[in-house]
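The block underneath contains the structure these notes are about, expressed in structure tokens.
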Amino acid sequence: MPTSSASTTDSAKSNGGGVQSLERAFDLLERMADAGGEVGLSELSASSGLPLPTIHRLMRTLVACGYVRQQPNRRYALGPRLIRLGESASRLLGTWARPYLARLVEETGETANMALLDGDEIVYVAQVPSKHSMRMFTEVGRRVLPHSTGVGKALLASFPPEEVRALLSRTGMPAATEKTITTADGFLAALEDVRRNGYAIDDNEQEVGVRCLAVSVPDSPTAAAISISGPAGRVTEAATDKIVPVLQQVAGELSEALASQNQA
């Protein structure tokens, strides 16, 4: 008598109505990302609670699809096929953000940006330019090191100090201007200011004559921040008091919009 195995195999539906094997596969990919991109099967088993045979079967499938690759040392690393998915998702995230950035421009008069933390670098994924003839341009797709940017400070302020130090040791802290912070202790002190004040400042640290104000986007599916940037003569301390509440409000609204997209 034929029987259906759909309810007893790993591809059975989970209690939430999804396909269990898919949920487990994506969970493993996220655990790999959290671990720095490379792990062993025993580490995945310990962190996920799944048995080794199940993990091995899922990883074999992910390797065959190109989303994971097996290293010569038998450990597993995130695969190159994920890059295309990540780039497409970043562009989509930038598209969703543009109306909110446009509001920032309307209310502050300055150029608005959105940036993500991608590995050890900041990548700009969206921009709406100011209507002023003298304005700041940051090319979408541009990558910079976090230590000299307002968005970098806003993003790293929530990271444990030891993780920030490790990142800075990997990237180095080259000076973009004479005002760039070039020591780990100095940068950690700046992050403490971000946590205390609720926003980050790039005061001529990435480019002479330019000030940037930035806040992180709460509960974003990936670490994201929004900012405004303009000439230091316009983005003054007095202007900061008016701009920061707008930045924080727009960041909160963007967070809610992204959460609703994530649930759709």
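Structure notes:
- Applying the condition of being surrounded by 15 or more Cβ atoms within 10 Å (Cβ to Cβ) and either in a loop (DSSP other than H, G, I, E, B) or not assigned by TED's automatic domain parsing to the domain that holds residue 125 (or both) to region 233-264 and asking which residue is nearest to the chain's Cα centre (by Cα) yields 235.
- Hits in region 143-181 (condition: in a loop (DSSP other than H, G, I, E, B), under 21 Å from residue 210 (Cα atoms) and polar (S, T, N, Q)): 149, 177, 180
- Some residue of region 182-199 being assigned to a strand (DSSP E or B) and within 22 Å of the chain's Cα centre (by Cα): no
- Of residues in region 44-53 being in contact with a helix residue (DSSP H, G or I) (Cβ under 7 Å, 6 or more places away or on another chain) and not in a loop (DSSP other than H, G, I, E, B), the one surrounded by the most Cβ atoms within 10 Å (Cβ to Cβ): 44
- If the condition is being farther than 15 Å from residue 22 by Cα and either among the aliphatic types (A, V, I, L, M) or part of a loop (DSSP other than H, G, I, E, B) (or both), then region 65-75 contributes 66, 71, 72, 73, 74, 75.
- Flag for residue 155 being in contact with a helix residue (DSSP H, G or I) (Cβ under 7 Å, 6 or more places away or on another chain), under 21 Å from residue 218 (Cβ atoms) and aliphatic (A, V, I, L, M): yes
- Condition met for residue 7 (touching a strand residue (DSSP E or B) at 6+ places or on another chain (Cβ under 7 Å) and either modelled with pLDDT under 75 or assigned by TED's automatic domain parsing to the domain that holds residue 257 (or both)): no
- Those residues of region 116-137 which are buried (at least 17 other Cβ atoms within 10 Å of the Cβ) and not β-branched (Val, Ile, Thr), in sequence order: 116, 117, 124, 126, 127, 130, 136
- Restricting 192, 253 to residues that are touching a residue at least 40 places away in the same chain (Cβ under 8 Å) and among the acidic types (Asp, Glu) narrows the list to 253.
- In the condition set (1) surrounded by fewer than 21 Cβ atoms within 10 Å (Cβ to Cβ); (2) modelled with pLDDT of 90 or more; (3) touching a strand residue (DSSP E or B) at 6+ places or on another chain (Cβ under 6 Å); (4) β-branched (Val, Ile, Thr), residue 140 is compliant with all but (2).
The values are calculated or read from the model by the stated rules, or taken from the named source; none is laboratory data. All figures in this text were calculated on a predicted structure; none of them were measured in a lab. Cβ: placed from backbone, ideal geometry, glycine included. Neighbour counts: every protein chain shown.
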